[in-house]
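Trainee: Got a structure here, written out as structure tokens. Questions coming.
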Amino acid sequence: MAEFEIPRSHPRYVSLKLRERLVKGFEDGLVVPQGLIAHGRGEAFDYLLGEKTHEFALKAIEAAVAGLIYYKPRSIISVNGNMAALAPDLLVQLSEALEIPLEVNLFYRTEERVRRIEEHLRAYGAKRVLGSQCRRARLPGLESPRGIVCVDGIYSANFVLVGIEDGDRTEALRKAGKVVAAVDLNPFSRTAQMADITIVDELTRALKEALKMAERLLNTPRSELKEILESYDNRKVLASAFKAILDRLTDAANRGVVIEP
Ligand code: PTJ
């Protein structure tokens, strides 16, 4: 692809940079073409949400990080092509800060892509990555080869963080008895609806907040982590996400303006 530098002054700089990362990820064999389409759907929902991290997302991020710490050593961060292309640095930082492994787990799985994504994460400093070399098992309820997971990773985990994920797998993980936290900009999606903890936010924004949250929660007593998890109400969080979209649309419908000239 021809080199094109997006000027920092561009009003949509952040969004365009994320697109570039995905396109580069596609060219490097990390991202599938379907991942580019998935990103577009995410962008549309991000517009509706006003492209910011809402209070309801922070609540979900707090619960997700509390869960990752509480369920250690049986927690894991599942990484697909889009996540690896968009936020390799943040994923590695979170994995290192929490001492929780990353597992490359793909919807459109090929061994070559698993290996590439793993190498990509290692190039960003990941020390705990599962994927190509692990002892394998099959997640019940998912057709081959999508259900291939690592025995010492997702298969035996009690808590799984997923992002930009297909609904089928979230459902299969839930059926396998795992607590699932999901990052998904679309609160209507199967993943958003099926997860125990739904972070309705853009992946890179959510991970930045998760890192701050990790710093705060790492030394929190287990009893408090448990309390955060027990008092968390995903229905309420999802309802707030729908309401945020509704309020923004109502305001736009009343005024006909969303960008002040
Ligand atoms: O790398 P693979 O093989 O595992 O495949 C990855 C894709 C993304 C192709 C696969 O998981 C897929 O098809 O996902 P879906 O069913 O299109 O769902 C993706 C969801 O993530 C949609 O609800 C999008 O709105 C949402 N989404 C897209 N980009 C982002 C996002 N959510 C948060 N942050 C984003 N940047």
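What follows is calculated from the coordinates using simple rules that are stated; it is not laboratory data. These numbers were taken from a predicted model, which means no experiment stands behind them. Heads up, the Cβs are rebuilt from the backbone with ideal geometry, glycines too, and the neighbour counts pull from every protein chain shown.
Trainee: Quickly rank 122-130, 156-164 as a protection proxy: mean count of other C-beta atoms within 10 Å, highest first. List each step's numbers first, then the result.
Mentor: Values: 122-130: 16.3, 156-164: 23.8.
Ranking, from highest mean packing down: 156-164, 122-130.
Trainee: Separate question: Ranking 47, 232 by Cβ neighbours within 10 Å, fewest first, what do you get?
Mentor: Numbers: 47 14, 232 18.
By the 10 Å Cβ count, ascending, the order reads 47, 232.
Trainee: What number do you get for segment 178-225 when its Cα radius of gyration is normalised by 2.2 N^0.38 Å, N = residues?
Mentor: On the way: Rg = 12.5 Å, N = 48, 2.2 N^0.38 = 9.6 Å.
Relative to the 2.2 N^0.38 Å estimate, segment 178-225 comes out at 1.30.
Trainee: Output the relative contact order of segment 88-133, whole-number percent, from Cα pairs under 8 angstrom with separation of 6+ residues. Present the calculation step by step, with values, prior to reporting the outcome.
Mentor: On the way: 50 pairs, mean separation 22.2, N = 46.
Relative contact order here is 48 percent.
Trainee: For segment 31-46, just list the computed ³J(HN,Hα) in residue order, Karplus coefficients 6.51, -1.76 and 1.60, θ = phi - 60°, integers in Hz, with x standing in for Gly and Pro.
Mentor: 9, 8, x, 4, x, 5, 5, 4, 5, x, 5, x, 4, 4, 5, 5
Trainee: Now for a different question. Among 68, 22, which comes first, then next, by fewest other beta-carbon atoms within 10 Å?
Mentor: Fewest to most other Cβ atoms nearby, the residues stand as 22, 68.
Trainee: Then there is this: Using only the alpha carbons of the chain, what is the convex hull's orientation-averaged projected area in square nanometres?
Mentor: Its Cα hull, projected and averaged over all orientations, spans 14.5 nm².
Trainee: Right, next: To the nearest Å, what is the center-to-center distance of segment 133-155 and segment 183-211, using C-alpha atoms only?
Mentor: Each part's Cα centre sits 23 Å from the other's.
Trainee: Shifting gears a bit: Mind checking which aspartates and glutamates have their Cα closer than 12 Å to the Cα of residue 17? Skip sequence neighbours fewer than 8 apart in that chain.
Mentor: Filter leaves 5.
Trainee: Based only on other Cβ atoms within 10 Å, what is the fewest-to-most ordering of 218, 229? Walk me through the intermediate numbers first.
Mentor: On the way: 218 12, 229 19.
Ordered by Cβ neighbours within 10 Å, fewest first: 218, 229.
Trainee: Can you tell me which lysines have their Cα less than 17 Å from the Cα of residue 59? Leave out same-chain residues fewer than eight positions away.
Mentor: Within the straight-line cut-off, residue 59 pairs with 208, 212, 226, 236, 243.
Trainee: Still on this structure, I have one more. Between residue 179 and residues 5 or more places away or on another chain, which pairs have amide H atoms under 5 Å apart, with H built 1.01 Å from N, and which residues are they?
Mentor: For residue 179, whose amide H was placed from the backbone, the distant partners under 5 Å are 159, 160.
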